[in-house]
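Beneath this line is the structure, given in structure tokens, with notes to follow.
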Amino acid sequence: MRSVFWIARRELATYFVSPLAYLILAVFTLVIGLSFSLNLIAFANECLVYGNNPYYLQQLNVNEQVIRPLFGGFVPVFFLILFPAITMRLLPEEKRQGTSELILTCPVSSLQIVLGKYLGALVVSAVMLGSSLTFVYVLTSVSKPEMATVASLYLGVFLLGAAFLAIGLCLSAFTENQVLAYVLSVGALLVLWFLSGVSKSTALTDKVGERAAAFLENLSIIEHFADFSKGVVDSQHVVYYLSIIAFSLFVAQRVVDSHRWR
Amino acid sequence: MIEVQDLTKRFGPRIAIDGITFRVEKGEILGFLGPNGAGKTTTMRILTGFMPPTSGRAVVAGLDVVAEPREVKRRIGYLPEHPPLYKEMTVRAYLVFVARIKGVPGSRVRESVESAVERCGLAEVAGRLIQNLSKGYQQRVGIAQAIVHSPEVMILDEPTVGLDPRQILKIRNLIRSFHGEKTVILSTHIIPEVEKLCDRIAIISEGRIVALDTQANLSHRLQDSERISVQFSDGSAPTPANLELLEGVQSVIKDDGAPNRFLVEAKVGSQIARRVFERAVAERWPLIEVSPVKSSLEEVFLKLTGEERGVVA
């Protein structure tokens, strides 16, 4: 287990000596900050205009109008674009630099290698998400968001990101080419994402039947996120994301291991 | 310390190594000499647990590399052909990382790293990023990486390739310092390197060990003829045909490097030098030099690996 920690630590150090991590953090905070301010200003204006009307005032909700659009809308899209950039170098870089020959001749298992790499990427995503807590803090100083809903949103976003990273890491194991790893990951995530749209099309439902369509919908990576953004933590969604992570890491471990046996 | 028996590795239909068997005793330095693609790297990769053999057995420090890879890996220091460096790290941070994942206990990491740094002459660059170091220093970091966990066995794949002569000298001295202390296998296709460093030499060709012995024995074993180089001054020098008439001579080759210089090869025990001298006196040939030509390791190598003379220099 100690090796996992050291591998993760080395990965993290690499992220933070290269501009990559800073770039991703900067883009993330910039865009989320912009959209946060715009949402907040719009919300404040509505409060000013409708604040005197008790009927409208009931409709105004800082969670619904400021936080949810932010995390429900922007953040998953960002993850889709940026997280494959985090994972694309994890395994290909080892092969390119020839360091795979070091790590595979060290007394560590391929599972430890995969877990260490995954953990490193996960910490980067946690730092990224953590930086957005400043917006929540700003919000608490001017209004009273429901913290439970915010927490469920954060859990959902974290799990979604963790699943994206696991899929990205898994696909990066198949290639030595970082660009290919990136494109593969974005492609796979897009497919998993749009399964939800596909499953809702009636043309498909007529063809394959209700049950198959429901199955596809359940497979969609974004469908399971919806409840979290409403403040509902349903164990089936948590299990879904954890299964995606476990499966991806398992495949990645098998692929890394297969290099030993070629 | 290392025992390899009938080791075979196939990549699909291609046989990379074919029934290799050898032993290395504790403290010995064994050199793998062979042309590129002969199977040196593959053999090393199997010993280090990077890849498994198709068949056969390899035992390092009493442990089977397939059955107990982790224990074996703990005992081996491996320098691959391209040193496996995380170039964005500093030398010291890199060595600490390697020490940690090689399983050096936390309390001894600092001490192990410092001793590897000192031994490999890296003290002045220990705080610098590996990517900014010269190739020679990077190679030394590669060797430091291989000794940081004090392994009993070291496997070095072409440790001096691509270095300048001064750097080569330093790396060789470093490797020589392991003699008697660690069991070393090193591969190279540079002949003087094995001559200078190794106790025994294994010549590998097309996936097989074609000879395995000390350098002296190897040269001796292949000495099936007596050879001399003779030099005449200008004037009435003999032609090769004149020399071929001498008793026991098998061939006479005109040396391209100098006029009137010949390489004479004769049967063992024919005392060719003396015969040439006596004939020169009788015929009044202006003989100015006679010197014996020893069969060099290079020739042994070329002979055993079946390459044309002059193709590999």
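Data overview
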read-out	value
Residues that are among the aromatic types (Phe, Trp, Tyr), within 12 Å of chain B (Cβ to nearest Cβ) and over 12 Å from residue B:97 (Cα atoms), drawn from the range A:1-29	A:15, A:16
Some residue of the range A:56-68 being surrounded by 22 or more Cβ atoms within 10 Å (Cβ to Cβ), within 14 Å of chain B (Cβ to nearest Cβ) and either of a type in the set (Phe, Trp, Tyr) or under 30 Å from residue A:194 (Cα atoms) (or both)	no
Qualifying helices (runs of 4 or more DSSP H) (wholly inside the range A:70-158; at least 2 residues being within 14 Å of chain B (Cβ to nearest Cβ))	A:92-97, A:100-103, A:110-131
Residues located in the range A:211-262, provided they are within 14 Å of chain B (Cβ to nearest Cβ) and either farther than 30 Å from residue A:101 by Cβ or surrounded by 14 or more Cβ atoms within 10 Å (Cβ to Cβ) (or both)	A:256, A:257, A:259, A:260
Breaking point among (1) over 24 Å from residue B:29 (Cα atoms); (2) modelled with pLDDT of 90 or more; (3) within 13 Å of chain A (Cβ to nearest Cβ), for residue B:106	(2)
Residues of the range B:54-80 that turn out to be within 11 Å of chain A (Cβ to nearest Cβ) and surrounded by 18 or more Cβ atoms within 10 Å (Cβ to Cβ), as a count	11
Count - residues of the range A:43-67 that are among the hydroxyl-bearing types (Ser, Thr, Tyr) and in contact with a Phe, Trp or Tyr (Cβ under 6 Å, 6 or more places away or on another chain)	2
Residue count for the range A:18-32, restricted to those that are at pLDDT 85 or above and surrounded by fewer than 16 Cβ atoms within 10 Å (Cβ to Cβ)	7
Selection from the range B:119-131 of residues that are at pLDDT 90 or above and part of a helix (DSSP H, G or I)	B:123, B:124, B:125, B:130, B:131
Single match in B:299, B:283 (criterion: more than 30 Å from residue B:8 (Cα to Cα), outside the structural domain of residue B:155 (by TED's automatic domain parsing) and among the acidic types (Asp, Glu))	B:283
Residue satisfying condition, being in a helix (DSSP H, G or I), of a type in the set (Ser, Thr, Tyr) and touching a residue at least 12 places away in the same chain (Cβ under 8 Å), within set A:258, A:199	A:199
Identity of the residue in the range B:281-294, over 31 Å from the mean Cα position of the chain (by Cα) and in contact (Cβ under 8 Å) with a residue 24 or more places away in the chain, that ends up surrounded by the fewest Cβ atoms within 10 Å (Cβ to Cβ)	B:284
Condition check for residue B:116: assigned to a helix (DSSP H, G or I) and in contact (Cβ under 8 Å) with a residue 60 or more places away in the chain	no
Search result, residues across the range B:122-148 that are closer than 20 Å to residue B:101 by Cα, free of Cβ contacts under 8 Å to residues at least 40 places away in the same chain and of a type in the set (A, V, I, L, M, F, W, C)	B:126
Every pair of residues 6+ apart whose Cβ atoms lie under 7 Å, when the first sits in the range A:92-109 and is within 18 Å of residue A:181 (Cβ to Cβ) while the second is in a helix (DSSP H, G or I) and β-branched (Val, Ile, Thr)	A:94/A:103; A:103/A:113
Residues of the range B:26-53 that turn out to be farther than 17 Å from residue B:206 by Cα and among the small types (Gly, Ala, Ser), as a count	2
Hey, residue A:191 surrounded by fewer than 21 Cβ atoms within 10 Å (Cβ to Cβ), free of Cβ contacts under 8 Å to residues at least 24 places away in the same chain and among the hydrophobic types (A, V, I, L, M, F, W, C) or not	yes
Any hit, the range B:66-79, residues being at pLDDT below 90, in the same structural domain as residue B:140 (by TED's automatic domain parsing) and among the β-branched types (Val, Ile, Thr)	yes
Residue B:268 being modelled with pLDDT under 80, outside the structural domain of residue B:34 (by TED's automatic domain parsing) and in contact with a Leu (Cβ under 6 Å, 6 or more places away or on another chain)	no
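For every residue, the table says whether it meets (1) within 10 Å of residue A:231 (Cα to Cα); (2) touching an Asp or Glu at 6+ places or on another chain (Cβ under 8 Å).
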{"position": "A:120", "(1), (2)": "no, yes"}
{"position": "A:129", "(1), (2)": "no, no"}
{"position": "A:133", "(1), (2)": "no, no"}
{"position": "A:137", "(1), (2)": "no, no"}
{"position": "A:142", "(1), (2)": "no, no"}
{"position": "A:149", "(1), (2)": "yes, no"}
{"position": "A:158", "(1), (2)": "no, no"}
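The values are calculated or read from the model by the stated rules, or taken from the named source; none is laboratory data. Computed from a predicted model, the values in this text were never measured in an experiment. Don't worry about glycine lacking a Cβ; one is built from the backbone with ideal geometry, like all the others, and counts go over all protein chains shown.
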